[in-house]
Each structure stands twice: as structure tokens, then as C-alpha cells.
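The values are calculated or read from the model by the stated rules, or taken from the named source; none is laboratory data. Not measured: the values here are computed from a predicted model. Here Cβ is always computed from backbone atoms with ideal geometry, including for glycine, and neighbour counts include all displayed protein chains.
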Amino acid sequence: MLLKIFKKNREGIRRINDSILYALSLIGIIIGLLSLVVLLYDSFSDGLPWLSFQFLTSFPSRFPEQAGLLAALAGRVLVIGLTALISFPLGIGAALYLEEYAPKNWLTSFIQLNISNLAGVPSIVYGILGLGLFVRALELGRSILAGALTMTLLILPVIIIASREAIRSVPNAYREGAYALGASQWQVTRKIVLSQAFPGMLTGTILSLSRAIGESAPMIAIAALVYVRFVPSGPLDRFTVLPIQIFNWMSLPQDEFRGLAAAGIIVLLAVILGMNSIAIYIRNRYQKRMK
Amino acid sequence: MGKIDVKNLNIWFTDNHVIKDVSLELESNSVTAFMGPSGCGKTTFLRAINRLNDLIVGSKTTGEIRIDGQDIYDKDVEVFELRRRVGMVFQKPNPFPKSIFDNVAFGPQLHGLDEKEDIKTIVEKSLREAALWEEVKDRLEKSALDLSGGQQQRLCIARALAVNPDVILMDEPCSALDPIATAKIESLMRKLADKYTVVIVTHNMQQAARASDYTVFLYLGKLIESGTTKSVFENPTNELTEKYITGEFG
């Protein structure tokens, strides 16, 4: 009898604990979502009236009705595209080396520790490094290439870490199975490890690229241009990017420019969403083909 | 001289002396079973025959293993060619996450075969040899991971056969399978022995007794007794073997 009461009480406590945790989680997600909704609502209500075809295809102007973000949009897309081209092969190459080829010794652990640390370095530091190394020392100028290389440095640690996780999740039994059939290490790496880990690597790259799209600090150090009245035509052209353009509009005194800034935020969100969807589509297709 | 001659084989994993001075001969066209309690070195011995131990950092092998008279630890030996000749089936079925067809075609393609018709022929022949063809012929393009455990293990056998080996190593191939699937694999072992040299590792004595021609008993890395399965089980000469077989330890 006593035991029964005791048991009942315990169950009651457990049920209360359960509901407390449930409520806390719910509050957490509501706060997160609500602030996002407020932010989106604010941007859309300010920006929507300014969003037009003309806005997308015009260069910046001191007249708000004629201003647009073509240069910033093109600059952003070109920098990110080039960044993806450079960072993806470098990142998965580094990850494959560290996981599959490097001997497990102190040097390798030292490199791994450093990569993890690099992932936590503030982005402006990369901007300053890029300014000193690519813009000045390598004399690339304030070009798209210099911007892309700086962005590559910024996201490379994240890509490497994500790719290594993906490689580690490939069961060893697959590697052994291939070795036992007479595969060389390169064949195992290419046909087993890489094909298995590829979707995970792609996901890591997508996530870091979408982070890079919104990055403004390093781009301010590299590009530092707001008034660009041309679409860059090559990797060595000067450029500006969306976050800088938005920041610039925000700091202008006229109210109309604040509307333009909000419209710019909407475009930036659309670009991020678009790139993510394309990448996820590619990844899903790849995964399906493998199964 | 047997198909595989092992002389004074010693294997260390860093400081751990796993195989201690083992010498024996394995006959061709037969099934040889290695039995012994867990940790006695059976699997290590098996993985020495296709040099899979090489992959483990800190492993060291001394002594000789000769296949058809050729020392496989000789520095002139091409390890990829060795592993083609010595196929292996693992404890847990490990088909690649690819289609059934691609699993079997994987080995031949590794070794440079790219004629589509040839690959098709090999895939069918290997699947037939592994007694799986009738069950999968209509769904070769389906994922291998959708097969049952027993089918997966037979697929792994077909995958090993596809590169035309002459020795097949099986590391407790039935330990993850139910009795019916086990019986199928065991009868397959018997059939494969007509053409190949089959070496299996098992900690299941009944399996050794049912499926093998020769039995080797290892204990703590040492060869305790070896001979025909009949003699080892009916007249064990070593006290340890007798105790193991009668279930006094193990």
C-alpha cells in the first residue's frame, strides 16, 4: 500500500517535470519564431512598396525613385559563386586528407585543433587578413577575386569540419569490403568514401555559403565601395555587395532610403532562400541516385 | 604442400602478441574451419591471409604465408592483386549502399573491366554461384540494403566471387544470421569447396563440425590442434581441444 502511494507520487512528479520541459521548449520556439516574424513583417511592410523590376535593374542613385541594387546583387552572386568554386574542392580535399590519408600523430591533431579554432575567429579578422594579403601583398586589388578568396578563408574551416563529420560517418565496413576486393586507397576514397560522404559535404558547404552571403564585415574591408554604377564583368573588377548597399542606405538621412534598405533585405533573403533550395535539390537528387 | 603454407607466423598489434608461432598447411578444394574462444586470434589469422591486417596501424607480421608457393609478405607482391585472388566475407554483411548489380560489378570494375556485356555475364555467374540469382534476378537495380540479412551475406559472397579468386576467407559469416539463412550459407560453403579453397572462422563448434573438412583449434594465439574435422572432433589428441569441444570452457 505504502509502495503504491509512493509510486503514484513519483509518477505525478515525473508528469509535472514532463509538462514543464514541454512548456519551456514551446516558449523557446515561440520566441525564436516570433522575433523572426516581427523582423520579416517589418522588412516587408517597409520594403514591399519599393520592390520593383526597376529596383532590381538599376544602379545606385541619389534619387530614391531611381535607385536600385543591380551592382550589389551581381557583385554578391559573383563573389559567392567564385567562393563556392574555390572553397568546395579545397575543403573536401583537406577533409579527405585529414581523415583518410594523414598519419594520426601530433602534427595532425595540431592541424585539426587549429582548424576548429579558425572556425571561431571573427569574420572582420579575415577581412583584414584579406585586405593585407590578397588586396595589397598579392596586388589583386579590391576585386571580386580578392573578395572570393577572403570569403574562402572564412568558410573553409566550417566546410572542412562538416566534411570530416560526413567522412567519419561512412562505416568502416564499407572501406574494408572494398579493400578486400583489391581496391587501392585512392579507389576506396573515391568510390566508397567520397560517394557516401558527398551529400553531407554538400550540406556543410551550402550552410557555410549561406552564412557567407550575409557576411558584411569582411566585405567592407575588401570592397569598401558603395557607389558602383556597373556590373562587374570579370574576376578582377571592383564590386560591391548587398549587405554593404543595405547598410549604406540605412545610414542615409532620407526616409525613402530606409524603404530601399528594407527592399534590399527582402532581395537578400530571396537570394539566400533560392541558393539553399537549389543546393538542397541537388543534394536530394544525389542521395536518391545513390540508393 | 598445401594450397596455403603458413610457417612460424607471428603477429603483433603494437605490444600485443596475437598470433604465436603458428605453422600449418591448408588444403585446396576444401573447407578449413578455425575455431576457438573469443580473442584467440582466429580473425587476425584470417586477415593475415589477405594482408588486411596491414591496414591496422601498429601491426607487425613475421614468418611466412605461401599461396601456391609464393610468399605473400614478399615485397614484390602486389597487395591489390593478392586481395583479388583471396576474397573475403565479413562477420556482418557489408554490401555497399548501391544496387545489387553494382555491388557485384564493383570488384571487376576496380580491376579495369568496363565492357558492359562482360560485366553482366560476370554478375549473373557470380550471383548464380552464390545461390542468389533466382531471388534477385528481377530486381538487380534495387538497393542491396533492402535484402534480408542472409541474402546480403550471399550477395557479399557473390561480390567476392566476381573478381575470380581462388581462396575465399569467411569471418564468422553466419553469426548475424538466423538458422535458415545459416543453413543456406553452410551448404554454399560446401559447394564452393569444389572450386575454391575455403577458410572459415567460427566460434560455433557445430558449424565447424557440419561444414568443414579440416579443423584448426587456436587458443590464446597458439595452434593447439589441427587435422581432419572428423579426427579433431572424435579423437582430439590435446586435452585443451577435448575440453573445448565438450564445452568445459570457451
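Is there a residue being at the interface with chain A (Cβ under 9 Å from one of its Cβ atoms), out of contact with any Leu (no Cβ under 7 Å at 6 or more places or on another chain) and buried (at least 20 other Cβ atoms within 10 Å of the Cβ) anywhere in region B:57-80?
Scanning region B:57-80 turns up no residue that is at the interface with chain A (Cβ under 9 Å from one of its Cβ atoms), out of contact with any Leu (no Cβ under 7 Å at 6 or more places or on another chain) and buried (at least 20 other Cβ atoms within 10 Å of the Cβ).
Could you check B:GLY36 against (1) crowded, with 23+ Cβ neighbours inside 10 Å; (2) closer than 27 Å to B:THR241 by Cα; (3) of a type outside the set (D, E, K, R); (4) touching a Ser or Thr at 6+ places or on another chain (Cβ under 7 Å) and say which number it fails?
Condition not satisfied by B:GLY36: (4).
Restricting the search to region A:112-127, which residues are over 16 Å from the mean Cα position of the chain (by Cα) and either exposed (fewer than 15 other Cβ atoms within 10 Å of the Cβ) or farther than 13 Å from A:LEU153 by Cα (or both)?
Those that are over 16 Å from the mean Cα position of the chain (by Cα) and either exposed (fewer than 15 other Cβ atoms within 10 Å of the Cβ) or farther than 13 Å from A:LEU153 by Cα (or both): A:GLN112, A:LEU113, A:ASN114, A:SER116, A:ASN117.
Is it the case, given these coordinates, that B:LEU223 is farther than 16 Å from B:SER126 by Cβ and part of a loop (DSSP other than H, G, I, E, B)?
No: the conditions fail for B:LEU223.
More than 24 Å from the chain's Cα centre (by Cα), basic (Lys, Arg) and more than 14 Å from chain A (Cβ to nearest Cβ): does that describe B:LYS120?
yes
Inspect region A:178-190 for any residue being among the polar types (S, T, N, Q) and buried (at least 23 other Cβ atoms within 10 Å of the Cβ) and give the result as yes or no.
Checked region A:178-190: no residue is among the polar types (S, T, N, Q) and buried (at least 23 other Cβ atoms within 10 Å of the Cβ).
When only residues in region B:86-117 that are surrounded by fewer than 19 Cβ atoms within 10 Å (Cβ to Cβ) and of a type in the set (Lys, Arg) count, which is nearest to the other protein chains (Cβ to nearest Cβ)?
Going through the qualifying residues, I end up with B:LYS92.
Residue-by-condition table, conditions (1) part of a helix (DSSP H, G or I); (2) at negative phi; (3) in contact with a Lys or Arg (Cβ under 8 Å, 6 or more places away or on another chain):
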{"residue": "A:LEU26", "(1), (2), (3)": "yes, yes, no"}
{"residue": "A:LEU56", "(1), (2), (3)": "yes, yes, no"}
{"residue": "A:ARG76", "(1), (2), (3)": "yes, yes, no"}
{"residue": "A:THR83", "(1), (2), (3)": "yes, yes, no"}
{"residue": "A:LEU90", "(1), (2), (3)": "yes, yes, no"}
{"residue": "A:LEU107", "(1), (2), (3)": "yes, yes, no"}
{"residue": "A:VAL121", "(1), (2), (3)": "no, yes, no"}
{"residue": "A:GLU139", "(1), (2), (3)": "no, no, no"}
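Taking the residues in region A:102-145 that are out of contact with any strand residue (DSSP E or B) (no Cβ under 8 Å at 6 or more places or on another chain) and hydroxyl-bearing (Ser, Thr, Tyr) as candidates, determine which candidate is modelled with the lowest pLDDT.
A:SER123
Name every residue in region A:232-291 that is under 19 Å from A:GLN66 (Cα atoms) and either β-branched (Val, Ile, Thr) or in the same structural domain as A:PHE44 (by TED's automatic domain parsing) (or both), in order of residue number.
Scanning region A:232-291 gives A:THR240, A:VAL241, A:ILE244, A:ILE246, A:ILE265, A:ILE266, A:VAL267.
If a residue counts only when it is within 8 Å of chain B (Cβ to nearest Cβ) and farther than 19 Å from B:ALA105 by Cβ, which helices (runs of 4 or more DSSP H) contained entirely in region A:161-222 have at least 3 such residues?
No helices (runs of 4 or more DSSP H) qualify here.
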